[in-house]
Every structure is written in C-alpha cells, then in structure tokens.
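Taking it in order: structure first as structure tokens, then the write-up.
The values are calculated or read from the model by the stated rules, or taken from the named source; none is laboratory data. Quick caveat, the model's predicted, so the values are computed rather than measured. Every residue, glycine among them, receives a Cβ derived from its backbone with ideal geometry; neighbour counts consider all protein chains shown. We work out accessible area using only protein heavy atoms, side chains counted, and drop any ligands, DNA or RNA first. Shrake-Rupley method; radii C 1.70, N 1.55, O 1.52, S 1.80 Å.
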Amino acid sequence: MRNIVIERNANIGKNVHIGNFTTIENDVVIGENTWIGNNVTILNGCRIGNNCQIHSGAVLGGIPQDFKFNGEYTLLEIGNYNSIREFVTINRGTASKGKTVVGNHNLIMSNVHIGHDCFIGDHCIIGFSVGMAGEVIVEDHVNISGLSAIHQFSVIGRHSIISGISRIVKDVPPFIMAAREPLSYVGLNVVGLKRKGFSSDKIEELKNIYRIIFQERRNTTLALDLIENEFEQSNERDLILDFIKNSKRGIVKGSFS
C-alpha cells in the first residue's frame, strides 16, 4: 500500500508520477508528464502545468500567512517545466491579487518559501532557503542566491543577480548585480547577460547607463533625464527608465567603495 490520497475531483494529466504518502485535494489541476515525489501536499486551488518536478515534502497552495485573508477563493498557478525542490512552500493568493503565480522553466531550491500573491517570471533560480514575503515580483531570468530574505512588495528586475544572505528591502533594477549590506549595486550582471546572448556593445551601454545612476552621485530624477536625452531609445534603456520611475519602494543604492 502506497498510502496516496487523491481526492476524486482532482484533475490529473497523462503520465503523471505520484510518490508515496502524497496528498492531492479536490480542486487541483496537474498537467501531463509531471513528476511528484513522496510526502508532497498539493492543496485546493493549485493549477500546475506540464513537465514539472515537485520533490519530497513540498507544500503547494497553503492558506496565506496573512491576517487579512478571510477564506476567499484564490489560486496558486504554476507553469510548465518547473523544478520545485524539497520542502518548498508556496502559498496561494489573497483578495489583493487573487493568485500567486510561478511562470515557466524555474528552479526553486529546497526550503524556499514564496508568500501569497507573489509573481515569479520565467527562467528564474531561487536559491535554497530564500524567504519571500507577500506580493513580491520577480521578473524573468533572475538569480536570487541562498538564505536571502525579501521584504513584501519588493520588485526584482529581470536579468539581475542577488548575492547570498542578502536582505532585500528596496527594489532591484534590471540587469544588475546586487550585494553587500545594505544591499547595493556592485556592477552589471555581466556573466548572466553574456550567457543570455547580450552583445558586448549592449553590455557596455548598460554599464554606461548605470554609471550615471549609481556611480556619479546624481539626483535620480536628473540622472534619468540625462539617460533619456543622451542614450538612443532601446528596449533595455526603456526598461531601466520605466522600472526606476515606477518603483514604489525606491531602488537599492550605489556602492562607492
């Protein structure tokens, strides 16, 4: 006897492996070719895509750890080709957003917690024991190293990398490397950008943009005006300008040492 509990209304796709002592509640959808290990708990409101791996001890779709949650119907949506490692916990949403979302092709390492109403993009790596409070946004191609703690409502821009044991209380703009305490800009994520096919010219352009923002000690508004006037329009330039202009928590500071 394998002691698997699958409630009768759960919708399980073709070729899904389900390990020993796993529980899957009624209001769950799991796509094809997904592998689920032992002692996994998948609760009501989970929508899981195709070709995922969910390892032992993971708890998906738990009730939000938030006093304002009042039992409303919410979801946890997980896309395709995600690897969710041992003892990961991901809560579903609250009335604020209605759902927690994890995109496609992500690696979420062991003991990570992702709180209610978070949004994780595609191709992200979330290191072991990262703690993510509610309503955090992590854009595409982000690498967050282990044991980092992320304050609620923080936004982490695409193609950025954050060093281990970091305390993230401000927004992290796209394309950068952030480290130190307090968390600061320490350079461009050059290795990551090269791996993603960014040209040398584009990397140099991004370095020059961030030199104005972080290293020339300018007022942020003046720095953004200078960038808009002196750099040709490009997707990357506009992403940086829009990210900083729309930041509600403020961005990390420059490192001058």
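So residue 139 passes all but one of these: (1) open to solvent by 30 Å² or more (accessible area, probe 1.4 Å); (2) within 28 Å of residue 167 (Cβ to Cβ); (3) more than 17 Å from the chain's Cα centre (by Cα). Which condition number does it fail?
(3)
So residue 174 clears everything in (1) in contact with a helix residue (DSSP H, G or I) (Cβ under 7 Å, 6 or more places away or on another chain); (2) more than 20 Å from residue 103 (Cα to Cα) except one condition, right? Which one?
Every condition holds for residue 174 apart from (2).
Looking at segment 78-94, can you tell me whether even one residue there is surrounded by fewer than 20 Cβ atoms within 10 Å (Cβ to Cβ) and over 22 Å from residue 57 (Cα atoms)?
No - not one qualifying residue is present in segment 78-94.
If you go through segment 144-154 one residue at a time, do you hit one that is touching a residue at least 40 places away in the same chain (Cβ under 8 Å), crowded, with 18+ Cβ neighbours inside 10 Å and in a strand (DSSP E or B)?
Looking for residues that are touching a residue at least 40 places away in the same chain (Cβ under 8 Å), crowded, with 18+ Cβ neighbours inside 10 Å and in a strand (DSSP E or B), one finds none in segment 144-154, hence no.
Return the only residue of 103, 37 being touching a Gly at 6+ places or on another chain (Cβ under 8 Å) and under 24 Å from residue 133 (Cα atoms).
103
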